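These notes are about the structure you will find just below.
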Amino acid sequence: MELRFFSGLSVEDTAAAMEVSTATIKREWRTARLWLVRELDSARP
């Protein structure tokens, strides 16, 4: 999340920096976004 959002790295650059596959980054990015949406929805009054 930090590399993609705050640093603005692409999926490919993030995968290279973390030494993992692009599929892993895509999966973790999707999971992080879903978590954030759920958290924001649950915080709504």
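The values are calculated or read from the model by the stated rules, or taken from the named source; none is laboratory data. What you see is a predicted model, and the numbers here were worked out from it, not measured in a lab. Cβ placement follows ideal geometry from the backbone for every residue including glycine, while neighbour counts extend to all protein chains displayed.
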**OP:** Quickly run through segment 7-20 and pick out the residues that are loosely packed, with under 13 Cβ neighbours inside 10 Å, over 21 Å from TRP35 (Cα atoms) and among the small types (Gly, Ala, Ser).
**Re:** ALA17
**OP:** Pick out the one residue from GLU39, GLU28 that is loosely packed, with under 13 Cβ neighbours inside 10 Å and in a helix (DSSP H, G or I).
**Re:** GLU39
Original post:
Which residues, taken from the chain, are aliphatic (A, V, I, L, M) and free of Cβ contacts under 8 Å to residues at least 12 places away in the same chain?
Top reply: LEU9, ALA15, ALA16, VAL20, ALA23, LEU34, LEU36, VAL37, LEU40, ALA43
**OP:** Determine, yes or no, whether ARG4 is exposed (fewer than 13 other Cβ atoms within 10 Å of the Cβ) and of a type in the set (Lys, Arg).
**Re:** no
**OP:** Output yes when any residue across segment 8-17 is polar (S, T, N, Q), modelled with pLDDT of 95 or more and in a helix (DSSP H, G or I), and no when none is.
**Re:** yes
